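A short worksheet on the structure shown next.
The values are calculated or read from the model by the stated rules, or taken from the named source; none is laboratory data. Keep in mind it's a predicted model, so treat the numbers as computed, not measured. Virtual Cβ from ideal backbone geometry, glycine too; neighbours counted across all protein chains shown. Just so you know, the surface numbers come from the protein's heavy atoms only, side chains and all, with ligands and any DNA or RNA stripped out. Shrake-Rupley method; radii C 1.70, N 1.55, O 1.52, S 1.80 Å.
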Amino acid sequence: MPDARPLIPASELAARLGAPNLRIVDASWALDGRDCRPDFEAARLPGAVFFDLETSSDKETSLPHMLPGPAAFGARMGALGLRETDPVVVYDSVGLWSAPRVWWMLKVMGARQVQVLDGGLPAWRSAGLPIHSGPAPEPGAAIFEARLDPDALASPEDVRRALEAGEQVLDARPAARFGGEADEPRPGLRAGHMPGARNLPFPELLTPEGTMKAPDALRAAFASAGIDPGRPTITTCGSGVTAAILGLGLAVLGRPFRLYDGSWAEWGAPGGGPVATGA
């Protein structure tokens, strides 16, 4: 059975292939909206199912890929053959990019044993492990009893209160976007950051090979951004995806976090929260 560690290396996952109830989920997603299913059909881990982030998100909001309600999420996961009691390993085709977001979604909805493949598909390929291709078999239906953990989410009001109290809000966007020197990729958003937030671009947590850095290096990266992992932290980014990479880094250190789901897509919109520029 998978243990409580949030990350699993390719060698360990390879040794577990074929284990009862193990579910492998391809969570690949592209910022430009490109459909990643063709990539999944071209190259995937054995037995993997494809998690479509957009299809599995809230359809009742204009904000991008927001967490849906428990009933909708549970129905979607059941259609993928997942149960909340199954051991699940999530990966993506980049390395550590969108898989942490899906890891967080599953955990916040009650999945009990979820891990991220460290380094994703590139690490699996580098290890010379088997790759499947072609149309994947349809997964058998299952029942996923979703129960939302509200303590894992931060609302805009939570973020405002945290900033006013001097608590830790950590933004995963690139420094130029955080500082307001570069435009946001989504049109219509203001440039800058939440006053009082700290910036830690998510690549700072990753090795050149695309795996998560070792714990001591993670602590140093958080410290460089003025973040104490021992204190409560809210993570944020452009639209809630790379914020989960920061959260995964905190989880590796054994620390909880809350994720601001709306992130800059909500806060930076006209009429959103206050905006600061500069470092």
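By accessible area of protein heavy atoms, probe 1.4 Å, what ranking do Arg5, Arg173, Arg198 get, highest first?
Arg198, Arg5, Arg173
What is the chain's relative contact order, in percent, from Cα pairs under 8 angstrom and six or more apart in sequence?
About 20 percent, as a whole number.
Just from its helices, what would the mean residue ellipticity at 222 nm be for the chain, if runs of 4 or more DSSP H residues each count -39500 (n - 2.57) and the sum is divided by every residue, rounded to the nearest 500 deg cm²/dmol? Can you show the working numbers first?
Details: 10 runs with 78 residues, N = 279.
Calculated from helices alone, the mean residue ellipticity at 222 nm is -7500 deg cm²/dmol.
Semi-axes of the equivalent ellipsoid of the stretch 138-279: what are they in whole Å, largest first, if each equals the square root of 5 times a C-alpha gyration tensor eigenvalue?
Output for the stretch 138-279: semi-axes of 24, 20, 16 Å.
Let me know the shape class of the stretch 185-236, please: from the alpha-carbon gyration tensor, a ≥ b ≥ c as square roots of the eigenvalues, rounded when a/c is under 1.5, otherwise prolate if a/b is greater than b/c, or oblate. Kindly include the intermediate steps, with their values, before the conclusion.
Numbers: a/c = 3.00, a/b = 1.42, b/c = 2.11.
Oblate shape, in that a/c is at least 1.5 and b/c is the bigger or equal ratio.
Among residues other than Gly192 whose Cβ falls under 12 Å from its Cβ, what is the net charge (Lys/Arg +1, Asp/Glu -1)?
So the environment of Gly192 carries a net charge of -1.
State whether the stretch 25-67 is rounded, prolate or oblate according to the following rule on the C-alpha gyration tensor (a ≥ b ≥ c being the square roots of its eigenvalues): a/c under 1.5 gives rounded; otherwise a/b larger than b/c gives prolate, and the remaining case gives oblate. Walk me through the numbers on the way to the answer.
Values: a/c = 3.57, a/b = 1.96, b/c = 1.83.
Here the stretch 25-67 falls in the prolate category.
Relative to the present Cα-Cα distance, how much length would full extension add between Ile143 and Arg5 at 0.36 nm per residue of separation? Walk me through the numbers on the way to the answer.
On the way: separation 138, 0.36 × 138 = 49.68 nm, distance 2.48 nm.
Stretched fully, the Ile143-Arg5 segment lengthens by 47.2 nm.
What net charge do the residues around Met77 carry, taking every other residue with its C-beta under 9 Å from that of Met77, with Lys and Arg at +1 and Asp and Glu at -1?
Taking every other residue near Met77 into account, the sum is +1.
Apply the Karplus parameterisation 6.51 cos²θ - 1.76 cosθ + 1.60, with θ equal to phi minus 60°, to every residue of the stretch 38-54 and state each ³J(HN,Hα) to the nearest whole Hz, in sequence, with x for glycine and proline.
Once θ is set to phi - 60°, the couplings for the stretch 38-54 become x, 5, 4, 6, 7, 6, 8, 6, x, x, 6, 10, 9, 9, 7, 4, 5 Hz.
Based on the Cα coordinates of the stretch 1-46, what is the per residue volume of their convex hull in Å³?
105 Å³
Give me the three principal axis extents of the chain from the C-alpha atoms, as integers in angstrom, largest value leading.
50, 41, 30
Extension gain Ala30-Ala223, at 0.36 nm per residue separation less the Cα-Cα distance, in nm?
Numbers: separation 193, 0.36 × 193 = 69.48 nm, distance 2.98 nm.
Gain in length upon complete extension: 66.5 nm.
Take every DSSP beta bridge with both residues inside the chain and express the antiparallel ones as a percent of the total, to the nearest 5.
Antiparallel bridges make up about 10 percent of those DSSP assigns within the chain.
What are the ³J(HN,Hα) values, in whole Hz, obtained from phi via the Karplus relation 6.51 cos²θ - 1.76 cosθ + 1.60 with θ = phi - 60°, for each residue of the stretch 83-99 in sequence order, with x given for Gly and Pro?
Rounded to whole hertz, the list is 10, 5, 8, 6, x, 10, 10, 10, 9, 9, 7, 8, x, 10, 9, 9, 4.
Would you work out what percent of the accessible area of the chain, with all protein chains in place, is carbon or sulfur (probe 1.4 Å)?
It is 53 percent, rounded to a whole number.
How much area per residue is accessible in the stretch 19-157 when the probe is 1.4 Å and only protein heavy atoms are counted (Å²)?
Heavy-atom SASA per residue in the stretch 19-157 reads 42 Å².
Taking the full set of protein chains and a 1.4 angstrom probe, give the accessible area of Arg231 in square angstrom, rounded to the nearest 10.
Surface open to solvent at Arg231 totals about 100 Å².
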